[in-house]
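Report on one structure; see the data block that follows.
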Amino acid sequence: MTGISEILVLVLLIACILILPRLFKGEPVKEEPSSKKLTRLPAKIRFGIVLTLVYPTVAALYLKPWNENIISYLSYGIIPVFLVWAVAWIMSGRKK
């Protein structure tokens, strides 16, 4: 009799593994197209993206890293951009 009960337990386990996820399956999440996500960017984020591109460019034109001035360019042109985005990322995580 133990053989039949073991087989029934295995059948029950397999049925639970296959059927239960379908029973508790929620509504499928509808993903928005990426074009709609881009139009929903707030003005602050757009301004930050533009500054991310403009600030290092202006710093490069002023500091001229190609004339062996790379350390000052990295410290005044690139690292501040990374720090600002890191702080923005941390602050957005706190809000959520």
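Screening Val11, Val29 for residues that are assigned to a loop (DSSP other than H, G, I, E, B), among the β-branched types (Val, Ile, Thr) and either modelled with pLDDT under 80 or surrounded by 10 or more Cβ atoms within 10 Å (Cβ to Cβ) (or both) leaves exactly one candidate, Val29. Cβ separations smaller than 6 Å between residues 6+ apart or across chains give the following pairs from region 71-88 residues that are assigned to a helix (DSSP H, G or I) to residues that are β-branched (Val, Ile, Thr): Val81/Thr52. Among the conditions (1) modelled with pLDDT of 75 or more; (2) of a type outside the set (Val, Ile, Thr); (3) open to solvent by 80 Å² or more (accessible area, probe 1.4 Å), the only one that Leu63 does not satisfy is (3).
Inside region 66-79, residues that are surrounded by fewer than 14 Cβ atoms within 10 Å (Cβ to Cβ) and within 22 Å of Gly48 (Cα to Cα) make up a count of 2.
Could you tell me which numbered condition Trp85 fails, if it satisfies all but one of (1) surrounded by 10 or more Cβ atoms within 10 Å (Cβ to Cβ); (2) aromatic (Phe, Trp, Tyr); (3) modelled with pLDDT under 90? Here Trp85 meets the rest and fails (3). When each of Ser5, Ser34 is tested for being modelled with pLDDT under 80, closer than 30 Å to Val84 by Cβ and not charged (D, E, K, R), the lone residue that passes is Ser34.
The values are calculated or read from the model by the stated rules, or taken from the named source; none is laboratory data. All values derive from a computational prediction rather than experimental measurement. When we count neighbours, we look across all protein chains shown, and the Cβ atoms used for this are built from the backbone with ideal geometry, even at glycine. Calculation scope for accessible area: heavy atoms of the full protein, side chains included, ligands and nucleic acids excluded. Shrake-Rupley method; radii C 1.70, N 1.55, O 1.52, S 1.80 Å.
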